[in-house]
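The values are calculated or read from the model by the stated rules, or taken from the named source; none is laboratory data. Quick caveat, the model's predicted, so the values are computed rather than measured. With ideal geometry, Cβ positions are generated from the backbone for all residues, glycine too; neighbour counts draw on all protein chains shown. Keep in mind that these areas ignore ligands, DNA and RNA; they rest on the heavy atoms of the full protein, side chains included. Shrake-Rupley method; radii C 1.70, N 1.55, O 1.52, S 1.80 Å.
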Amino acid sequence: MSGRVVTETMVRVEGVHKSYGVGAAAVHALRGVSFEVPRGELVALKGRSGSGKTTLLNIVGGLDTPDQGRVEVEGRDLARLGESELLRLRRDRVGFVFQSFGLIPILSAAENVGVPLRLRRADPREREERVELLLSLVGLAGHAAQRPGELSGGQQQRVAIARALANRPALLIADEPTGQLDAETGHAVMELLRAVVHSWGHLPGPLGHWGRVTALVATHDATLLDLADRVLELRDGEITED
Ligand SMILES: Nc1ncnc2c1ncn2[C@@H]1O[C@H](COP(=O)(O)OP(=O)(O)O)[C@@H](O)[C@H]1O
Ligand SMILES: [Mg+2]
């Protein structure tokens, strides 16, 4: 993306407020949230259900806007980006992973991973090569032709992670990616996210020229927190650092 500011701070959030509804029925989901995420870290965002995690991740990823406050991704103030710039930021710089995987049921694992590359109209040969690398990166090289319904939950989430990485994002945003998985599978998925963040530059072939990835991962699973470089906690719409 042209004009990108090179910065060691991947995400900067300052004084963000977000409410849903009005008057007495209003829910103040975020009440002046501020924090920074340095490039190349795996940061966990913990907090019980309803504490504002999803609201915050959607705002950081440019899927939603704050009522008040400022959000910067790679030094770019999201409020100052035009519609198409924001679209490109979401498509090219940010990868999203959701609790419910969000795969397209009628497409194979490989086709699901290739979707973001098709949207970018990547050269078909480049696309196939990259899809293959990504599937092997997440340990699913032998499952390329299977549809989501033919894969376990943990495998589906790994396909979703491969898809989120397809455009080689700088920032990976994952909203309770292990929420639908059993403890052991959830741990393996978190280990994979950690490996992606920590092994940067050591990947084979075209994936190696990527640059460091930062991940912001919401979870309310306490056993996953020790895999993070840093833990932020949301409590009633306010953030504290562990
Ligand atoms: N679209 C919405 N409309 C109304 N209230 C919402 C909406 N989304 C979230 N909320 C409320 O905002 C608060 C924070 O929700 P959320 O960000 O989903 O928290 P978490 O992801 O930590 O469970 C909750 O009280 C929730 O009910
Ligand atoms: Mg949530």
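So here's what we get for this one:
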| read-out | value |
| --- | --- |
| The listed residue being over 19 Å from the mean Cα position of the chain (by Cα), more than 16 Å from ligand 1 (Cβ to nearest atom) and either among the basic types (Lys, Arg) or at pLDDT 95 or above (or both), out of ALA122, ALA110 | ALA110 |
| Yes/no for ALA24 being within 16 Å of ligand 1 (Cβ to nearest atom) and modelled with pLDDT under 95 | yes |
| Residue among GLY52, GLY75, GLY69 that alone is away from ligand 1 (no atom under 12 Å from the Cβ) and either modelled with pLDDT of 95 or more or touching an Asp or Glu at 6+ places or on another chain (Cβ under 9 Å) (or both) | GLY69 |
| Matching residues, segment 137-165, being under 27 Å from THR9 (Cβ atoms) and over 12 Å from the mean Cα position of the chain (by Cα) | LEU137 |
| Exclusive hit being farther than 22 Å from GLY40 by Cβ, open to solvent by 80 Å² or more (accessible area, probe 1.4 Å) and of a type in the set (Lys, Arg), set ARG118, ARG91 | ARG118 |
| Listing of strands (runs of 3 or more DSSP E) fully contained in segment 184-242 that carry 1 or more residues being in contact with a Pro (Cβ under 7 Å, 6 or more places away or on another chain), at pLDDT 85 or above and closer than 30 Å to GLU128 by Cβ | 214-219 |
| Any hit, segment 61-79, residues being over 17 Å from the mean Cα position of the chain (by Cα), buried (at least 20 other Cβ atoms within 10 Å of the Cβ) and not in a strand (DSSP E or B) | yes |
| ARG31 among the basic types (Lys, Arg), in contact with a strand residue (DSSP E or B) (Cβ under 9 Å, 6 or more places away or on another chain), open to solvent by 60 Å² or more (accessible area, probe 1.4 Å) and more than 16 Å from ligand 2 (Cβ to nearest atom) | yes |
| Qualifying positions in segment 98-107 - open to solvent by less than 80 Å² (accessible area, probe 1.4 Å) and within 16 Å of the chain's Cα centre (by Cα) | GLN99, SER100, PHE101, GLY102, LEU103 |
| Test: LEU63 is over 21 Å from ALA170 (Cβ atoms) and among the hydrophobic types (A, V, I, L, M, F, W, C) | no |
| Residues (small (Gly, Ala, Ser) and either over 19 Å from VAL43 (Cβ atoms) or open to solvent by less than 10 Å² (accessible area, probe 1.4 Å) (or both)) located in segment 165-179 | ALA166, ALA170, ALA174 |
| Selection within segment 1-13 - modelled with pLDDT of 90 or more and surrounded by fewer than 16 Cβ atoms within 10 Å (Cβ to Cβ) | THR9 |
| Condition broken by VAL37, with the remaining ones in (1) surrounded by 22 or more Cβ atoms within 10 Å (Cβ to Cβ); (2) in contact with an Asp or Glu (Cβ under 7 Å, 6 or more places away or on another chain) satisfied | (2) |
| Pair list, Cβ < 9 Å and 6+ apart or interchain, from segment 19-44 residues that are under 30 Å from SER199 (Cα atoms) to residues that are among the polar types (S, T, N, Q) and surrounded by fewer than 20 Cβ atoms within 10 Å (Cβ to Cβ) | GLU36/THR9; VAL37/THR9; PRO38/THR9; ARG39/THR7; ARG39/THR9 |
